[in-house]
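The values are calculated or read from the model by the stated rules, or taken from the named source; none is laboratory data. Because the structure is predicted, anything quoted here is derived from the model rather than measured. Note that we place each Cβ from the backbone using ideal geometry, even for glycine, and neighbour counts take in every protein chain shown.
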There are 10 protein chains.
Amino acid sequence: MASSRPVRSKKSQAAGSALETFANPHPGRDYTVRMRCPEFTCLCPKTGQPDFATIHIDFVPDRLCVELKSLKLYLWSFRDQGAFHEAVTGSILDDLVGAMAPRFLRVTAEFLVRGGIYTSVVAEHRMPGWTPAAPVLLP
Amino acid sequence: MASSRPVRSKKSQAAGSALETFANPHPGRDYTVRMRCPEFTCLCPKTGQPDFATIHIDFVPDRLCVELKSLKLYLWSFRDQGAFHEAVTGSILDDLVGAMAPRFLRVTAEFLVRGGIYTSVVAEHRMPGWTPAAPVLLP
Amino acid sequence: MASSRPVRSKKSQAAGSALETFANPHPGRDYTVRMRCPEFTCLCPKTGQPDFATIHIDFVPDRLCVELKSLKLYLWSFRDQGAFHEAVTGSILDDLVGAMAPRFLRVTAEFLVRGGIYTSVVAEHRMPGWTPAAPVLLP
Amino acid sequence: MASSRPVRSKKSQAAGSALETFANPHPGRDYTVRMRCPEFTCLCPKTGQPDFATIHIDFVPDRLCVELKSLKLYLWSFRDQGAFHEAVTGSILDDLVGAMAPRFLRVTAEFLVRGGIYTSVVAEHRMPGWTPAAPVLLP
Amino acid sequence: MASSRPVRSKKSQAAGSALETFANPHPGRDYTVRMRCPEFTCLCPKTGQPDFATIHIDFVPDRLCVELKSLKLYLWSFRDQGAFHEAVTGSILDDLVGAMAPRFLRVTAEFLVRGGIYTSVVAEHRMPGWTPAAPVLLP
Amino acid sequence: MASSRPVRSKKSQAAGSALETFANPHPGRDYTVRMRCPEFTCLCPKTGQPDFATIHIDFVPDRLCVELKSLKLYLWSFRDQGAFHEAVTGSILDDLVGAMAPRFLRVTAEFLVRGGIYTSVVAEHRMPGWTPAAPVLLP
Amino acid sequence: MASSRPVRSKKSQAAGSALETFANPHPGRDYTVRMRCPEFTCLCPKTGQPDFATIHIDFVPDRLCVELKSLKLYLWSFRDQGAFHEAVTGSILDDLVGAMAPRFLRVTAEFLVRGGIYTSVVAEHRMPGWTPAAPVLLP
Amino acid sequence: MASSRPVRSKKSQAAGSALETFANPHPGRDYTVRMRCPEFTCLCPKTGQPDFATIHIDFVPDRLCVELKSLKLYLWSFRDQGAFHEAVTGSILDDLVGAMAPRFLRVTAEFLVRGGIYTSVVAEHRMPGWTPAAPVLLP
Amino acid sequence: MASSRPVRSKKSQAAGSALETFANPHPGRDYTVRMRCPEFTCLCPKTGQPDFATIHIDFVPDRLCVELKSLKLYLWSFRDQGAFHEAVTGSILDDLVGAMAPRFLRVTAEFLVRGGIYTSVVAEHRMPGWTPAAPVLLP
Amino acid sequence: MASSRPVRSKKSQAAGSALETFANPHPGRDYTVRMRCPEFTCLCPKTGQPDFATIHIDFVPDRLCVELKSLKLYLWSFRDQGAFHEAVTGSILDDLVGAMAPRFLRVTAEFLVRGGIYTSVVAEHRMPGWTPAAPVLLP
Ligand SMILES: [Ca+2]
Ligand SMILES: [Ca+2]
Ligand SMILES: [Ca+2]
Ligand SMILES: [Ca+2]
Ligand SMILES: [Ca+2]
Ligand SMILES: [Ca+2]
Ligand SMILES: [Ca+2]
Ligand SMILES: [Ca+2]
Ligand SMILES: [Ca+2]
Ligand SMILES: [Ca+2]
Ligand SMILES: [Ca+2]
Ligand SMILES: [Ca+2]
Ligand SMILES: [Ca+2]
Ligand SMILES: [Ca+2]
Ligand SMILES: [Ca+2]
Ligand SMILES: [Ca+2]
């Protein structure tokens, strides 16, 4: 069921890890997929020291869903890359949008403490013309 | 009080577990029923390995409510079925909507970790023409 | 300060436990009263087995408030009654509305697990013509 | 920096504890002050038995802020007073509004359990003509 | 990548700790950066006694982001300064806005208990003309 | 596999709920069975008011184990009985020892708050001549 | 069932609140009663300011158990008394031992923060000649 | 490094899942390996209904360690087997001891609620002649 | 009640903060006092950067108890001192032992994270010839 | 104060990261140092996939303490090494013992889930002839 559209981001091309996709089994409705990966590590581009983060990915698929194993390998491909907090979050967003072209996608990167300060970064993509259904807030 | 409308989904027909319903005792008002089942298991269609999830079902009944014991048996019927995360969530949604024809229904499937990544999927049904009351947000 | 309007619901009449009220000491403003009772038990009407729940009652009083001790006795009156989840929640709502005629009232019944499934039910009453103040969401 | 406007509520006059204020150091912008006092006790007016509560005070100051030590003394002044749940919450609201004339103020009183039931009461004041800024909900 | 705009607040000039910035790597989109520093201490201006707080900084960068190490040093510069709760929160807001000129910035200061009362203060800045995107509330 | 030794305690004889047992499948070794029942209710013998508790049962079986469904019915049989905290704990201990004759058994009853005070009672039985193996405390 | 031995401590004599007891229903075995009262308040003997604590009482009764309602009234009798942390804990221990003459009794007083420091005090009584059974540490 | 001693338990022989082992890399010292598997399911032998448990395995290896993937497959082999709580715990203990011949091994099975009662079972094996080092309890 | 023995440690002499004591009100029995101070800060002697810790002090007093306010001032006296983790813990132990000459005293210092590593240090003093009572481990 | 005994383990020699030490500032007494590092990653020697763990190190120093920064670098040196769970724990133990020659040292490695199973490993070293003081268990 994997699609023929392996998307290889600029960064991950070096590391050889492309995001693979498969056809959304329910394209007729908007629905949410949430993923949480507590095993993300990259390197600080200034000091070369390791950084650790938990990556959250929330999305509304359009025609494609990301394949879980390729996502795992994609996230591993940052292990030896220097990446600033704000930049790495934006890169993951760009690569996932490039691979899936989703209706909506949000990346949240929660980094472990550095210098006594905990940082997280949140970035979103919205497909032009798409609007979410009005949320139903049940009591 | 069980209704005469046992709804047997395509998948559950094989397993012999139909969702039974009973008449909504308060059809005159919108109200919310929330159910949480931490005992859901199915099989990965690719590898045959077991997957485990907690299933949440939140709904506003119309003329029918789902009978609790038949729901339990219905969820058990996935035990030996291969089912992708996104697809199984959609199937449960479709079957419950087929059985109850509710004003609103949301299925949330929270899967245990696979490959270091935690995934959950959320899908909703809204009866055409139904809108929720404006929520009262008390201080 | 107890009002002269003891309201005796159909069900609680048998058990002899009427909801008593007292005059709202601040009728000039909308405000919220929240009550939580973790000591509710009734019987399953199908099997006769005991069910246990926590009952939440949130309301905006109009001219009357419910008296705490009579509420406790009222909730005890379900101890020997058969009561389905959806029906008991609606009955408590009806009885409290009958006793207090509040501007707003919400009943949430969180039941302990049965058949591996946790169920809760939420029902609301709004006085015709009443609208809540726009909520102030402070940062 | 304490203002010359000590406000002595009717109740607290007996106990000799006036709420003191000081000039808001940032009157040019709306901002939120939140206070939480887990050390509140008063007496049940019916039985004379002690009640215990946590008091939350959330406000947007206008020209005045409440001085912390006088607030502590003010809350202590309820120690020997009989006070119903709904009434004491309203009194604290009235006294703080009288002392500070804030743009917005909310009092939440969370009482410890009585008769197996946990009660809390929430009351708000809004300065006429003041509206909160539209909240910024960051992802 | 550090910008040429070191901003030295009035207060921090004494302490010699300027906030440094670097160019926002994704200026084309609104995104959120959240920082939490549990290691903040200053002195009570009235009694000279130490106060302790956790500082939260949430912002949407425009052309500049704050450099993490300079932020740490900036927050340390309050260690020997007298600072009222409401005033210190406003000062941190002003200094960060002066350094970054962000689209949006919120400072939350959660102080440890004094006199049995826990206090926190929240203040916000919004760039004139900027409005946040309508939030996407996924189910 | 149920044993032929249904043990009917004095109290439970009235309620018709005997504890049933089955043969210990591993009588050759000491091992621990722990059970927790959060759905226990009885009546205060002084006031007739309902009490609620969580019952914990920890035991080392000898030749018999208690059958789960009969235990549930046995605990339900206290629903309409007056029972002091200290006495009900001792009765449950006596009845379980009478039914199972275990090597060791401990009953812990954690009652919900009464008069602002939370009470629990713990009682144990040890078979004469039995001593537990020295515990292995792994690092 | 209340014993004829109301014990009136020196301190509680002034306040008129004697500890009452009843006959231990299971004097033939050692067992544990644990009580927790989160509603204790007294006054600082130096400053007159209120202190708040949670009192834990754990005991092995001998011939007598403390009656719950009299214990509540006894703890209330400290409301207007000045009492140092170390001294009040010892007084409660002495009074309970005087009333019950238990085999073992432990009082733990957990006070709320003062001056940024949380204090608790633990004191024990052991009946001469009594030794606890060797504890059974189940795996 | 996998040993040549695949041990196939009686039960798992049917399911074709043998426990594999590898040589203990540090046989010269006693040390602890702890494993927790929250994904265990079997069937109730009486009713055929699914049971769910978390299995804990704590051991001190001797010459062999259990291989992680074979352990996972071994635990899956219970999926379609009827197994009483006490019996399944003992079987897992026996099979792991048969495969590893460890110095010490403890199996803890925590089952999800049935009939309102939570059950867990703990069983241990000790190699004859082995005694654990006296535990070092650091302050 | 403050003793005439203000003990001024070598370090705190510079800062002018002596530990004061008062007579133990219950010298006839061993009992435990536990204190927790989450507001400790000192400086790293290598880098001059602030460190933050929570200090726990557990002791069995002999003839003297430490006075709470002087303890607070004593802990503040480290604010401007350089102090290694292991050394500062030992110094606090030495100073408290010098001031109180307790039967037993334990200092636990839990430091906030540095370099991604959380450190705590625990040191104890025992009066020669003193042994603790055998602990009573109630079930 | 760093000692002249940089100890370079076999493994870390390749990576160039030696453990440095400094003189124990309180060699005259046994005391405990606890360290927790949630930022450990290595590679699975079988699959090359990254593993993540939290490393705990608890020790009683003798003449030397480990220097914090060198420890951080030492733990980073595993980032590109293949290391089985049981083996890596033993290696860290051996290297720390080689560097510090402590009276006691315990390494606990808590790995993130693999194949649905959470594993941790605990190993200890005791200096020959050293025995810990009898622990003081305060009530
Ligand atoms: Ca997927
Ligand atoms: Ca690498
Ligand atoms: Ca139902
Ligand atoms: Ca199967
Ligand atoms: Ca009321
Ligand atoms: Ca203030
Ligand atoms: Ca008083
Ligand atoms: Ca940054
Ligand atoms: Ca300073
Ligand atoms: Ca059983
Ligand atoms: Ca009944
Ligand atoms: Ca009692
Ligand atoms: Ca292994
Ligand atoms: Ca099956
Ligand atoms: Ca003291
Ligand atoms: Ca160190």
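Computed values, structure above
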{"quantity": "Number of the exception - E:F40 against (1) over 23 Å from E:P128 (Cα atoms); (2) in contact with a Pro (Cβ under 8 Å, 6 or more places away or on another chain); (3) more than 16 Å from ligand 6 (Cβ to nearest atom)", "calculated": "(2)"}
{"quantity": "Selection count, region E:59-112, where residues are within 16 Å of ligand 6 (Cβ to nearest atom) and more than 22 Å from C:L138 (Cβ to Cβ)", "calculated": "2"}
{"quantity": "Tabulated pairs, region I:77-102, first free of Cβ contacts under 8 Å to residues at least 60 places away in the same chain and on the phi > 0 side of the Ramachandran plot, second away from ligand 14 (no atom under 16 Å from the Cβ) and not polar (S, T, N, Q), C-beta under 8 angstrom, 6+ apart or interchain", "calculated": "I:A101/I:D62; I:A101/I:R63; I:A101/I:L64; I:A101/I:M127"}
{"quantity": "Extreme residue, farthest from H:G116 (Cα to Cα), among residues of region C:22-43 that are within 7 Å of chain D (Cβ to nearest Cβ) and assigned to a strand (DSSP E or B)", "calculated": "C:Y31"}
{"quantity": "Region J:108-133, subset more than 9 Å from chain H (Cβ to nearest Cβ) and hydrophobic (A, V, I, L, M, F, W, C), residue surrounded by the most Cβ atoms within 10 Å (Cβ to Cβ)", "calculated": "J:A109"}
{"quantity": "Positions within region H:61-75 being touching a Pro at 6+ places or on another chain (Cβ under 6 Å) and surrounded by 19 or more Cβ atoms within 10 Å (Cβ to Cβ), in sequence order", "calculated": "H:P61"}
{"quantity": "Of residues in region E:54-69 being touching a residue at least 60 places away in the same chain (Cβ under 8 Å) and of a type outside the set (D, E), the one farthest from ligand 3 (Cβ to nearest atom)", "calculated": "E:L64"}
{"quantity": "Selected residue (criterion: nearest to G:V121 (Cα to Cα)) from residues of region I:66-107 that are β-branched (V, I, T) and in a helix (DSSP H, G or I)", "calculated": "I:V97"}
{"quantity": "Residue match in region F:44-65 (condition: in a strand (DSSP E or B), away from ligand 5 (no atom under 16 Å from the Cβ) and of a type in the set (D, E))", "calculated": "yes"}
{"quantity": "Positions within region B:108-135 being assigned to a loop (DSSP other than H, G, I, E, B), modelled with pLDDT of 95 or more and aliphatic (A, V, I, L, M), in sequence order", "calculated": "B:L112, B:V113, B:M127"}
{"quantity": "Of residues in region A:82-107 being of a type in the set (A, V, I, L, M), surrounded by 20 or more Cβ atoms within 10 Å (Cβ to Cβ) and over 17 Å from E:L68 (Cβ atoms), the one farthest from the other protein chains (Cβ to nearest Cβ)", "calculated": "A:A99"}
{"quantity": "Condition check for C:R79: more than 14 Å from ligand 5 (Cβ to nearest atom), in contact with a strand residue (DSSP E or B) (Cβ under 8 Å, 6 or more places away or on another chain) and more than 10 Å from chain D (Cβ to nearest Cβ)", "calculated": "yes"}
{"quantity": "Leading residue by the ranking (modelled with the highest pLDDT) among those in region D:6-21 that are in contact with a Leu (Cβ under 6 Å, 6 or more places away or on another chain) and either part of a helix (DSSP H, G or I) or within 14 Å of chain E (Cβ to nearest Cβ) (or both)", "calculated": "D:T21"}
